[in-house]
Amino acid sequence: MTRIFARPVAKLLRQGLLSVGSGGTSLPGRVALALDPEFLGRARNYPSRLIVTGTNGKTSTVAMIAALLRQAGKSVATNAEGANLRQGLATTLLEPPRDSLVLEVDELTVPHVGPIVAPQAMVVTGLFRDQLDRYGEVAKVRAALAEAAAAMPETILVLNGDDPLTASLDAKRRLIFRLSHPPLDVPADGMDCPRCGALLSYSARYYAQLGEYRCPACGFAAPEADIWAVASAESFSVNGTLLPPLPPALHPYSALAGIAAVRALGLQIWPAAWPPPVAGRGSSTAIEGRQVTVVLGKNPASVSWNLAQHPGDVHLFLVNNRTADGRDISWLWDINLGPVRRATVAGERALEMLIRLRYEPRVSEATAYPEPAEAFGAALAATPEGGKLVVVATYTALPTALGLIRRPPAAGRQAAHGAGKTLPSRPGVRARGKSARIVLLFPDQLGTYADGGNAVVLQRRLEWRGIAASVTRIGPGDSLPGDADVLLLGGGEDRGQVLALEGLRRMRPDLAAMLGDGVPALLVCGGLQLYGQSLPLEGHDVAGLGLLPFVTRRGTPRLVGRIGVESSLVPEPLIGFENHGGHSALLEGGRPLGRVLYGNGNGVDGTEQEGIVLNRTIGTYIHGPVLARNPALAEVMLAWVAERRGFAAFDPLDDPVEREAAANRA
């Protein structure tokens, strides 16, 4: 009986929310679903239905598709604001049906709503790590989309063929779009074959794992394109047709995905004009003779792309870590910060971002402010007249960023006089004859949680002492250098661990010798498990290297969240974030890194143990990266390096801002 009231009640609520300035994108839909659990089935009243999903570019792709359909004379309903969970989708269905329904849908929501909507086509823009604490690893997201595709056999999959994670999705009918553009250095989220797990071979990489790839083991390769584009700063062409140059706010993959999507619906439409920025993302405003551009930053791929596409004289980073942003902000350490020279920062995790900038040698000046308005004012004041300020905001910080540029400039400029926190410069003077080699093992396979940032921390802290430090990246097929001063191994997904384990087994004699010789090593998460006696990989228990008295079994629940550990190695508790499905235990002869104060550590068996320490080898489940969040632990490892190499003891690097960031336990 309540179902007949679902639409009128929810629509009245939405009108009321809109009248008081609220977006009204989710609550009305929540009410509609409470009154009518089958409310989403109303989507089938639309003659044409299309779903857009994927990690990055969903909102702009929906805008592109809607613009093309309207250009063709179609009436279109979309969730243009990006409310892509069930309640947001239900809100979109409150209006009377139109010719076309274009829905942005959260990746993990697709299996639940896709078969209900029964779209003629589903666009998958690409898959990257994002909100690892909520989504889990990228393989989990891909599995969810594969499940959805299997449940919608009549739906055409419109797939990004440059991404092996999406190009490997199977369907009765597929339409592949591909793009050639200049390369960008962004860490990959899937260099292994999604079909057989072998390492992919690339003849060209555009950014992250996108490019021209082939699996030498099973033959899986980048597919032939149905829609092919070539993009540069000056031009954009699709299937040989030259189109107007893309505006900086529109990602070329979003533009191409939109053109491919309407082709899947049987329409060949070339855009008469590009759609404007969506929800302020990529928008530019003139303030006091300066151009201010706001971009969304949600993961390494999106931030690195936006920094490259929007060069600026000054950058403002607004960084939060609420649920919609992802609680774990380790990913900041995988951003390509190449264009950044001067920056201000604010937000809930401002100090962590400030420290990230501090370790980037090309950044000459960086200051954190307690309030976003102060940071904005300082950034505006630092931007030369006629110059450009680029504001990078995480998802929940984006409304704040857009609000700041709408305020009178004087308000922001006055706020700039507030006191900021600037990290001291550490130029470093090379000491003749003193050098150190940091060896980072399998960073492409074991880099999901940005543990490669530990190498950056050690390298810079050595350089600040006048030591010429280098980082050697070792991948599958490479040999282990015999002169390593530090070994680092991070965490990754199961398939990445399988590839790493193959290489580590070949290196085992050398690794065992280094362990015995006391070469300092840091093993994080999956790296720690690989050094142990056994670990679960792809549903099976397999033998590890057997170098540590440590064993791991698959357990439930997955252990995700903040962690604090009391350790005798450092004066203050170690802090960070954990995210692992393995439950581990120390065997005889193993000494834990410390005692868990909050979180889980090795497991949930009541031992309160975290990690392991054995002869200058530290194993831990703490991400952050752990050495960035805990500089005292970095100093312990560097003291071991100095002792082993015969260097004089290092003077402490006193840094009050770094101490304050470490003390911020939230």
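Being over 25 Å from Pro194 (Cα atoms), touching a Phe, Trp or Tyr at 6+ places or on another chain (Cβ under 7 Å) and surrounded by fewer than 22 Cβ atoms within 10 Å (Cβ to Cβ) is the requirement here; does Pro311 meet it? First the steps, then the outcome.
Working: over 25 Å from Pro194 (Cα atoms): yes; touching a Phe, Trp or Tyr at 6+ places or on another chain (Cβ under 7 Å): no; surrounded by fewer than 22 Cβ atoms within 10 Å (Cβ to Cβ): yes.
Spelling it out, it is not the case that Pro311 is over 25 Å from Pro194 (Cα atoms), touching a Phe, Trp or Tyr at 6+ places or on another chain (Cβ under 7 Å) and surrounded by fewer than 22 Cβ atoms within 10 Å (Cβ to Cβ).
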Notebook entry, point to check: Does Leu535 qualify as being assigned to a strand (DSSP E or B) and touching a residue at least 40 places away in the same chain (Cβ under 8 Å)?
Noted result: yes
Margin query: Given (1) in contact (Cβ under 8 Å) with a residue 12 or more places away in the chain; (2) out of contact with any Pro (no Cβ under 8 Å at 6 or more places or on another chain); (3) surrounded by 16 or more Cβ atoms within 10 Å (Cβ to Cβ), identify the lone condition not met by Thr617.
Written below: (2)
Check: Counting only residues that are buried (at least 21 other Cβ atoms within 10 Å of the Cβ) and part of a loop (DSSP other than H, G, I, E, B), how many does the stretch 189-233 have?
Finding: 9
Item checked: Scope the stretch 19-33; condition open to solvent by 80 Å² or more (accessible area, probe 1.4 Å) and more than 18 Å from Val105 (Cβ to Cβ); matching residues -> Ser19, Val20, Leu27
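Kindly indicate which of Val542, Val560, Val570 is touching a helix residue (DSSP H, G or I) at 6+ places or on another chain (Cβ under 9 Å), in a strand (DSSP E or B), farther than 25 Å from Gln131 by Cα and open to solvent by 10 Å² or more (accessible area, probe 1.4 Å).
Values: Val560 fails: farther than 25 Å from Gln131 by Cα; Val570 fails: in a strand (DSSP E or B).
Answer to the check: Val542.
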Notebook entry, point to check: For the stretch 574-591, which residues satisfy the criterion of being out of contact with any Phe, Trp or Tyr (no Cβ under 6 Å at 6 or more places or on another chain) and either acidic (Asp, Glu) or open to solvent by 40 Å² or more (accessible area, probe 1.4 Å) (or both)?
Noted result: Leu587, Glu588, Gly589, Arg591
Next item on the list: Provide a single number: the residues in the stretch 250-273 that are buried (at least 20 other Cβ atoms within 10 Å of the Cβ) and either aromatic (Phe, Trp, Tyr) or free of Cβ contacts under 8 Å to residues at least 60 places away in the same chain (or both).
Entry: 1
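Scan the stretch 488-495 and give yes if some residue there is touching a strand residue (DSSP E or B) at 6+ places or on another chain (Cβ under 9 Å), open to solvent by 10 Å² or more (accessible area, probe 1.4 Å) and among the basic types (Lys, Arg), otherwise no.
Here is the first cut: in the stretch 488-495, the residues touching a strand residue (DSSP E or B) at 6+ places or on another chain (Cβ under 9 Å) are 488-491, 493-495.
Right, trim to open to solvent by 10 Å² or more (accessible area, probe 1.4 Å) and you get 493-495.
Imposing the further condition that a residue be among the basic types (Lys, Arg) reduces the set to 495.
Among the residues of the stretch 488-495, at least one is touching a strand residue (DSSP E or B) at 6+ places or on another chain (Cβ under 9 Å), open to solvent by 10 Å² or more (accessible area, probe 1.4 Å) and among the basic types (Lys, Arg), which makes the answer yes.
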Note to self: For the stretch 496-524, which positions are in contact with a Phe, Trp or Tyr (Cβ under 8 Å, 6 or more places away or on another chain), more than 25 Å from Arg644 (Cβ to Cβ) and either open to solvent by 10 Å² or more (accessible area, probe 1.4 Å) or aliphatic (A, V, I, L, M) (or both)?
What the structure shows: Leu499, Ala500
Margin query: From the list Ile259, Ile269, exactly one residue is part of a helix (DSSP H, G or I), at pLDDT 90 or above and within 24 Å of Thr53 (Cα to Cα). Which is it?
Written below: Ile259
Checklist line | helices (runs of 4 or more DSSP H) contained entirely in the stretch 76-181, each with at least 2 residues that are open to solvent by less than 10 Å² (accessible area, probe 1.4 Å) | finding: 86-92, 110-117, 138-151, 164-167
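In the stretch 289-334, what count of residues is obtained for those that are outside any strand (DSSP E or B) and either closer than 21 Å to Gln131 by Cα or of a type in the set (S, T, N, Q) (or both)?
Total meeting the criteria: 28.
The values are calculated or read from the model by the stated rules, or taken from the named source; none is laboratory data. Just so it is clear, the structure is predicted and the values come from calculations on it, not from any experiment. FYI the Cβ positions are ideal-geometry reconstructions off the backbone, even for glycines, and counts take in every protein chain you see. Quick note on the areas: whole protein, heavy atoms, side chains included, nothing else; ligands and nucleic acids left out. Shrake-Rupley method; radii C 1.70, N 1.55, O 1.52, S 1.80 Å.
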